[in-house]
Amino acid sequence: MKKETSMQDNSRIEKERKYWDKIAPEYEHSVIEQYWKVYPSLQDKISKDIGVGNTILEVATGTGLVALEVAKQAEKVYAVDISQPMIDEAKRKMIDKKINNVEFSVDDAYALPFDNDMFDTVICNNALHNMKHPGDALSEIKRVLKPDGRFIAIVVGAGESLKFKIALTISTILGQLPVFHKLNLDEFTDFIDKSGFVVVKKERMKHPEDSMALLYVISKKEE
């Protein structure tokens with residue numbers, strides 16, 4: 001069952017949707033293709049780490065790049081995003097690729113519409129650093145993850161250098177890109193660990209042409 005949303009929740013949701021709705025049509029070109037040459041390698045890595053024949057959830061799927069890739073070996077993929085235009089883009093690609101084991105929906109990461117202990121793996125790629133209260137999302141992810149399930153989390157390594165921290169702080173103030181959490185790999189790992197997960201693997205991923213690394217952490221639900 002979905003949680004009831006308060007007036008404050010609705011205000012946050014609408015503010016977030018307004019930003020992501022606006023950039024949805026150009027998201028892959030203006031963000032992914034321009035800044036993250038590592039993305040094809042990232043998609044391959046996630047696919048290998050989810051295993052075969054599992055039920056997967058992707059939180060903050062965007063235009064579905066990862067969800068549609070992992071669907072090739074998953075039994076079923078559910079993918080949610082707060083932005084309807086992002087989900088529309090994802091559904092268009094799903095139809096073009098003739099993929100039939102992905103279910104896209106518009107939902108809030110802070111109130112996931114799924115049962116407890118439902119998923120073998122939950123993926124949250126390139127999103128936690130954009131959430132003002134990522135702990136709320138992590139609590140929901142933990143709830144829907146099976147006791148022996150895996151959580152794969154990726155964020156931008158905005159805390160890897162002072163230059164990145166300053167640049168993204170300015171960007172957030174100007175409303176260009178909301179980056180509320182500027183973490184390095186150790187800080188990100190510690191944050192996941194303190195959120196009720198046991199970290200089993202961590203690494204930086206970076207293409208030579210990318211300015212910032214992506215921080216890749218695999219964890220398990222803490223018993």
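Spot the failing condition for residue 49; the list is (1) buried (at least 16 other Cβ atoms within 10 Å of the Cβ); (2) at pLDDT 95 or above, and only one is missed.
If we test residue 49 against (1) buried (at least 16 other Cβ atoms within 10 Å of the Cβ); (2) at pLDDT 95 or above, just (1) comes out false.
Quick one: which residue in 59, 80, 70, 38 is closer than 27 Å to residue 223 by Cβ, of a type in the set (Val, Ile, Thr), in contact (Cβ under 8 Å) with a residue 60 or more places away in the chain and surrounded by 14 or more Cβ atoms within 10 Å (Cβ to Cβ)?
Being closer than 27 Å to residue 223 by Cβ, of a type in the set (Val, Ile, Thr), in contact (Cβ under 8 Å) with a residue 60 or more places away in the chain and surrounded by 14 or more Cβ atoms within 10 Å (Cβ to Cβ) holds for just one of 59, 80, 70, 38, which is 59.
What tally of residues in region 183-205 results from selecting those that are out of contact with any Asp or Glu (no Cβ under 9 Å at 6 or more places or on another chain), buried (at least 17 other Cβ atoms within 10 Å of the Cβ) and either among the charged types (D, E, K, R) or within 23 Å of residue 37 (Cβ to Cβ) (or both)?
Number satisfying all stated conditions: 2.
Return yes when residue 37 is farther than 23 Å from residue 120 by Cβ and modelled with pLDDT of 95 or more and no when it is not.
When the stated conditions are applied, residue 37 does not pass them.
Hey, does region 78-93 have a residue that's within 21 Å of residue 53 (Cβ to Cβ) and more than 14 Å from the chain's Cα centre (by Cα)?
No: region 78-93 contains no residue that is within 21 Å of residue 53 (Cβ to Cβ) and more than 14 Å from the chain's Cα centre (by Cα).
Somewhere in region 161-181, is a residue among the aromatic types (Phe, Trp, Tyr), within 26 Å of residue 44 (Cβ to Cβ), crowded, with 18+ Cβ neighbours inside 10 Å and touching a residue at least 60 places away in the same chain (Cβ under 8 Å)? Walk me through how you get there before you give the answer.
Filtering region 161-181 for residues among the aromatic types (Phe, Trp, Tyr) gives 164, 180.
Now restrict to residues that are within 26 Å of residue 44 (Cβ to Cβ): 164.
From the residues that got through so far, the ones that are crowded, with 18+ Cβ neighbours inside 10 Å too are 164.
Going one step further and asking which of them are touching a residue at least 60 places away in the same chain (Cβ under 8 Å), we end up with none.
Within region 161-181, none of the residues are among the aromatic types (Phe, Trp, Tyr), within 26 Å of residue 44 (Cβ to Cβ), crowded, with 18+ Cβ neighbours inside 10 Å and touching a residue at least 60 places away in the same chain (Cβ under 8 Å).
If we scan region 52-60, do we find a residue that is of a type in the set (S, T, N, Q), in a loop (DSSP other than H, G, I, E, B), within 15 Å of the chain's Cα centre (by Cα) and at pLDDT 95 or above?
Residues of region 52-60 of a type in the set (S, T, N, Q): 54-55.
Going one step further and asking which of them are in a loop (DSSP other than H, G, I, E, B), we end up with 54.
Remaining after also requiring within 15 Å of the chain's Cα centre (by Cα): none.
No; the residues of region 52-60 include none that is of a type in the set (S, T, N, Q), in a loop (DSSP other than H, G, I, E, B), within 15 Å of the chain's Cα centre (by Cα) and at pLDDT 95 or above.
Scanning region 115-129 for residues that are touching a strand residue (DSSP E or B) at 6+ places or on another chain (Cβ under 6 Å) and charged (D, E, K, R), which turns out nearest to residue 159 (Cα to Cα)?
For region 115-129, the residue satisfying everything is 120.
Would you be able to say whether some residue in region 112-125 is among the acidic types (Asp, Glu), in contact with a Lys or Arg (Cβ under 7 Å, 6 or more places away or on another chain) and farther than 23 Å from residue 33 by Cβ? Break it down stepwise before answering.
Restricting attention to region 112-125, the residues satisfying the condition of being among the acidic types (Asp, Glu) are 115, 117, 120.
Narrowing further to those that are in contact with a Lys or Arg (Cβ under 7 Å, 6 or more places away or on another chain): 117, 120.
Of the ones still in play, those that are also farther than 23 Å from residue 33 by Cβ are 117, 120.
Scanning region 112-125, I find at least one residue that is among the acidic types (Asp, Glu), in contact with a Lys or Arg (Cβ under 7 Å, 6 or more places away or on another chain) and farther than 23 Å from residue 33 by Cβ, so the answer is yes.
Which of (1) surrounded by 22 or more Cβ atoms within 10 Å (Cβ to Cβ); (2) farther than 17 Å from residue 92 by Cα; (3) in contact with an Asp or Glu (Cβ under 6 Å, 6 or more places away or on another chain) does residue 54 not meet, given it meets every other one?
(1)
When you go through 166, 192, 173 one by one, which is the residue that is of a type in the set (A, V, I, L, M, F, W, C) and under 21 Å from residue 16 (Cβ atoms)?
Testing whether each residue is of a type in the set (A, V, I, L, M, F, W, C) and under 21 Å from residue 16 (Cβ atoms) leaves just 173.
I want to confirm something. Restricting to region 104-131 and keeping residues that are modelled with pLDDT of 95 or more and touching a His at 6+ places or on another chain (Cβ under 8 Å), which single residue is farthest from residue 66 (Cα to Cα)?
110
Outside any loop (DSSP other than H, G, I, E, B), of a type in the set (Lys, Arg), at pLDDT below 95 and within 16 Å of the chain's Cα centre (by Cα): is that true of residue 17 in this structure?
The answer is yes for residue 17.
Considering 26, 103, which residue is in contact with a Phe, Trp or Tyr (Cβ under 6 Å, 6 or more places away or on another chain) and over 24 Å from residue 217 (Cβ atoms)? Before the answer, list the steps.
Values: 26 fails: in contact with a Phe, Trp or Tyr (Cβ under 6 Å, 6 or more places away or on another chain).
Only one candidate qualifies: 103.
Condition first: assigned to a loop (DSSP other than H, G, I, E, B) and closer than 21 Å to residue 21 by Cα. Now tell me which residues in region 75-112 satisfy that. Steps first, please.
Going through region 75-112, the residues assigned to a loop (DSSP other than H, G, I, E, B) turn out to be 75, 82-83, 98-101, 107-112.
Passing the criteria: 82, 83, 107, 108, 109, 110, 111, 112.
The values are calculated or read from the model by the stated rules, or taken from the named source; none is laboratory data. Since we're looking at a predicted model, the values are computed, not measured. Ideal geometry is used to build each Cβ from the backbone, glycine not excepted, and the neighbour counts take in all protein chains shown.
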